[in-house]
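The block underneath contains the structure these notes are about, expressed in structure tokens.
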Amino acid sequence: MILREQAAPLGNVHCCLNTPNSSPSLHQHSSNFLSSTTMNADLEHATSTSYSPLPDSDHNPSSERRRPITLLSGIFISMLLFSSLIALILNQHIQPEPDDSGNRNSSPARPISRGVSQGVSEKSNIQLSSSDLKEIYPWTNAMLSWQRTGFHFQPPKNWMNDPNGPLYHMGWYHLFYQYNPDAAVWGNITWGHAISKDLINWYHLPFAMIPDQWYDINGVWTGSATILPDGTIIMLYTGDTDEEVQVQNLAYPVNLSDPFLLDWIKYPGNPVMVPPPGIGTKDFRDPTTAWLGPNGKWRVAIGSKVNKTGITLVYETTNFTSYELLEEVMHAVPGTGMWECVDFYPVSTTESNGLDTSVNGPGIKHVLKSSLDDDKHDYYALGTYDPISNKWTPDDPDLDVGIGLRVDYGKYYASKTFFDQNTQRRLLWGWIAETDSEAADILKGWSSVQTIPREVVFDKKTGTNILQLPIKEVEKLRSKSTVYRKVILEPGSLVPLDVGLATQLDILATFEVDKQSVEASVEADVGYNCTTSGGSSSRGAFGPFGLVVLADESLTEQTPIYFYIAKGADGVANTYFCADQSKSTTAQDVTKLIYGSSVPVLHGESFSMRLLVDHSIVESFAQGGRTVITSRVYPTKAIYSAAKVFLFNNATGVTITANVNVWNMDSAHIDYFTFLNSER
């Protein structure tokens, strides 16, 4: 049924929404991933109701509510809109035709800004606009096809950004995500929806929510899921209204007995939160998963800013339809600007399992994370949350949110965790944007991927950071294994590794350093910085050393991932973990940065890294996930069978011993779900 003026209390909503309507139109694609028994059992519980639009609102910009206009004015406006539409299509959809050599004709590489005018972070690779580029690289179909990943989640086509509302329900993992159904650029943001049994193999489902109400007509933006003790699923999300005001809205499944959660209702009383006094209408977004306070009320955090101070607002509710803003902000950090996609969750300091978002008490620290609109990076800090005062305090003020640790030091943004009650894990998703030109994305017809989900735990050894590692399920894709033991790397060494096809790999590598040489050296390398160091070709006494992936035979193209040990004037050695993309491609319409940061290497530990190489994305994890770097790579030569892997030691004063395990990775199964019409 269609909800109208009144809604039941949310604790009882799911029992009242099972009346069938017409079935939605679904994609019909073949798939053998699930057994027919499993599929049919779940289909028995799937709702057969279609998406239920809400009744007209006084704020709904419907043509039926507008004053009559003259015929002449109507014709003029229609012509103007038609010409604008044609211009938009020409700008976004027309693709250059291939020439006889298979190359596509070049087109302008300079991007245009997307998203900022509507009050969200920049969605274009705007860094390219400051260059002198006139044209994009003449990409061939083979090059562009190679860039599509084999085991990372991405939709079949078009634009994707933030992960939204991940959850586990009736045997299925659900991922919702920001999606443009019309083009490979940001716009018309809709909630895509996919399901999985194992977080690796995925099925695409129909859209969960579309921008069709006055309070989200300009975009169904980022949101989070909360599962209540009785199993009710609450989805809070930001909508961009018809007047481009950011508001928070409520949605919930039509039928909780549907394992696929196909159909969603938007609460008729939306919006449930609007920008409070003193907060800008475009500075109020991205509600978190709710947690229970000591007074039995639910609390939700929302990111914002006051001038240049990033802040976290907290609201309380008992029913998720009416909210009270708490007087004090939970936390604020001057100079950090707008906080987007705030995440807030507990981690155990004594156990290795994840925790439900509401857990607090002894042996618990709280992670506060924010995506900073100003620099487009995700920062986090560990601290203590006092639920009585609703205050979060960082363990180390020098490592506060936005000025200290980053979740990922590469191309990574808008991350979101959820508690997986099925396996008792805290799991992390992150959006990986492109670093090539928008024109190239339009040519290939898609943009962005999601990371492999990561398990997050507290680092008990350091006590100062979290650890992130790929979920163990990804190891099911491992196939052929190649092992190298005790490879001696003299200064200046480069050793090729014969691993077969090197475009989908899982690599574990450890490096032993002659510590006596490091301790005896008096050479100082003060102020080392991955980004400004000059990359892997800049040699020091104790680095760089590591792996080179996605390289061609001549090393014209290469992506080194490496450690660098730098001794300060005080004789103390610090280790850095870096990813050098400066020579990753011969194409010029690509941002080629050097990423990285310091990483703690404790006494008795080897230098260790794990790399997930999947065509145009490389996820790199140092020291068990203390420091993580995600890279986007677009080679023109080091593709298909031409891609190679090397060990290297470019240090001048130390010999390295390396041990390497390399697995070739099968592709994940990612396809449309097949529904049987007879079952619907």
Open item on the list: Sort VAL548, VAL660 by Cβ crowding within 10 Å, fewest neighbours at the top.
Closed with: VAL660, VAL548
- [ ] Send over the per residue convex hull volume for the stretch 171-305, Cα only, as a whole number of Å³.
- [x] 142
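FRET efficiency for ASN319 and THR423, Cβ-Cβ distance as r, R0 = 41 Å, nearest 0.05? Can you show the working numbers first?
Numbers: r = 30 Å, r/R0 = 0.74.
E(calc), rounded to 0.05, equals 0.85.
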Task: Estimated FRET transfer efficiency when R0 is 60 angstrom, pair LYS480-VAL526 (beta carbons, to 0.05) - done: 0.85
Task: Hz values of 3J(HN,Hα) by residue in the stretch 359-376 - Karplus curve (6.51, -1.76, 1.60), Gly and Pro given as x - done: 6, 8, x, x, x, 10, 10, 10, 8, 10, 10, 9, 9, 8, 4, 5, 10, 6
Task: Rg to Rh quotient for the stretch 282-379, alpha carbon positions, Kirkwood Rh - done: 0.99
Open item on the list: Net charge around PRO496, counting only other residues with Cβ within less than 9 Å of its Cβ (Lys, Arg = +1; Asp, Glu = -1)?
Closed with: -1
Task: For the stretch 228-233, 3J(HN,Hα) per residue [Karplus equation, 6.51 cos²θ - 1.76 cosθ + 1.60, θ = phi - 60°, Hz, x = Gly/Pro] - done: 6, x, 8, x, 4, 9
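ASP498 to LEU602: FRET efficiency via 1/(1 + (r/R0)^6), r the Cβ-Cβ distance, R0 25 Å, to the nearest 0.05? Intermediate results must be reported in sequence, preceding the final value.
On the way: r = 33 Å, r/R0 = 1.33.
Result of the calculation: an efficiency of 0.15.
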TODO: Once every Cα of the stretch 537-642 carries one equal point scatterer and solvent is ignored, give the base-10 log of I(q)/I(0) from the Debye formula at q = 0.14, 0.21 Å⁻¹, two decimals.
DONE: -0.56, -1.09
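Counting other C-beta atoms within 10 Å, and keeping those with at most 15, which DSSP coil GluC sites (Glu not before Pro) do you find in the stretch 572-680? Provide the component values of the computation, followed by the final result.
Working: sites: GLU605, GLU619, GLU679; in loops: GLU605.
Taking the stretch 572-680 and a limit of 15 other Cβ atoms within 10 Å, the loop GluC sites (Glu not before Pro) found are GLU605.
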Task: Viscosity 1.002 mPa s, 20 °C: Kirkwood-radius Stokes-Einstein D of the stretch 480-563 over Cα pairs, µm²/s - done: 143
Open item on the list: My understanding is that a pair violates if its Cα-Cα distance is over 29 Å; which of LYS460/LYS480; LYS282/LYS365; LYS411/LYS515; LYS157/LYS376 do that in this structure?
Closed with: LYS460/LYS480; LYS282/LYS365; LYS411/LYS515
Task: Stokes-Einstein translational diffusion, the stretch 460-618 - Kirkwood Rh over all Cα pairs, 0.890 mPa s, 25 °C, in µm²/s - done: 142
TODO: State the Cα centre-to-centre distance between the stretch 605-680 and the stretch 177-208 in whole Å.
DONE: 24
- [ ] State, in angstrom, two size descriptors of the stretch 335-437 derived from its alpha carbons: Rg to one decimal place and Dmax to the nearest whole number.
- [x] 14.3, 49
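Which order results if VAL367, VAL483, VAL116 are arranged by neighbouring Cβ count within 10 Å, fewest first? The partial results should precede the final answer.
On the way: VAL367 23, VAL483 10, VAL116 14.
Going from sparsest to densest Cβ surroundings: VAL483, VAL116, VAL367.
With 21 Å as the limit, write out which pairs from LYS197/LYS461; LYS472/LYS592; LYS583/LYS644; LYS369/LYS567; LYS391/LYS461 have Cα-Cα distances beyond it, or answer none. Kindly include the intermediate steps, with their values, before the conclusion.
Working: LYS197/LYS461 33 Å; LYS472/LYS592 31 Å; LYS583/LYS644 14 Å; LYS369/LYS567 31 Å; LYS391/LYS461 27 Å.
Among LYS197/LYS461; LYS472/LYS592; LYS583/LYS644; LYS369/LYS567; LYS391/LYS461, the Cα-Cα distance tops 21 Å for LYS197/LYS461; LYS472/LYS592; LYS369/LYS567; LYS391/LYS461.
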TODO: For the stretch 564-619, give the magnitude of the charge dipole about the Cα centre (Cβ charges: +1 Lys/Arg, -1 Asp/Glu; no others), in debye to the nearest 20.
DONE: 120
- [ ] Give me GLU135, GLU340 ranked fewest to most by other Cβ atoms within 10 Å of their Cβ, as a rough exposure proxy.
- [x] GLU135, GLU340
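Laboratory data are not the source of any read-out in this text; all were calculated from the coordinates shown. Worth saying up front: this structure is predicted, and the values here are computed from it rather than measured. Heads up, the Cβs are rebuilt from the backbone with ideal geometry, glycines too, and the neighbour counts pull from every protein chain shown.
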